[in-house]
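Chemist: So that we are looking at the same thing, I have put the structure below in structure tokens.
The values are calculated or read from the model by the stated rules, or taken from the named source; none is laboratory data. The shown structure was predicted, so the numbers you read here are calculated from the model rather than taken from an experiment. A quick note on method: Cβ atoms are made from the backbone with ideal geometry, for glycine too, and the neighbour counts reach across all protein chains shown.
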């Protein structure tokens, strides 16, 4: 891999970890998404975040949200319950648990000549709605807590 890309990736990782750390310090809900197999999850700043209270990591699969490929991905949540996201996982390797069709490989080109990996660039709308609901639930919980005091 090109050294410049590695350095740039490390810079973005450290920046993301710092932003998430600030969110944690100020009790602001936040998420970070990356493929489950990514080395990002092994980096010391991310590992340090994962050990903090009120920080969780959930795994899901893109096929669970309407994409034709499985692609395991993980979400780190700071002060936010991501159970809605983590509850949806494909339990099958060959046939999709949700569509009963074979998973489409992400490698290679589509029929129109574009890279299949481009599919991963956009979150499926159902996943976006689930994430938005997680943030909404946090806000409702915060308001409810204020009424209880």
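Chemist: With the checklist (1) assigned to a loop (DSSP other than H, G, I, E, B); (2) crowded, with 16+ Cβ neighbours inside 10 Å in hand, flag the one item residue 111 doesn't pass.
Modeler: Condition not satisfied by residue 111: (2).
Chemist: While we're looking at this one, here's another question. Which residues, taken from segment 120-138, are touching a residue at least 12 places away in the same chain (Cβ under 8 Å) and over 13 Å from the mean Cα position of the chain (by Cα)?
Modeler: 125, 126, 133, 135, 137, 138
This table checks each residue for (1) crowded, with 16+ Cβ neighbours inside 10 Å; (2) modelled with pLDDT under 85; (3) in a helix (DSSP H, G or I).
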{"position": "85", "(1), (2), (3)": "yes, no, yes"}
{"position": "90", "(1), (2), (3)": "yes, no, no"}
{"position": "107", "(1), (2), (3)": "no, yes, no"}
{"position": "117", "(1), (2), (3)": "no, yes, yes"}
{"position": "129", "(1), (2), (3)": "no, no, yes"}
{"position": "133", "(1), (2), (3)": "no, no, yes"}
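Chemist: Just one of (1) surrounded by 17 or more Cβ atoms within 10 Å (Cβ to Cβ); (2) without any contact (Cβ under 8 Å) to a residue 60 or more places away in the chain; (3) under 28 Å from residue 105 (Cβ atoms); (4) in contact with a strand residue (DSSP E or B) (Cβ under 7 Å, 6 or more places away or on another chain) trips up residue 31, so point out which.
Modeler: Failing condition for residue 31: (2).
Chemist: Output the residues belonging to segment 41-64 that are modelled with pLDDT under 95 and either part of a loop (DSSP other than H, G, I, E, B) or touching a helix residue (DSSP H, G or I) at 6+ places or on another chain (Cβ under 9 Å) (or both).
Modeler: 62, 64
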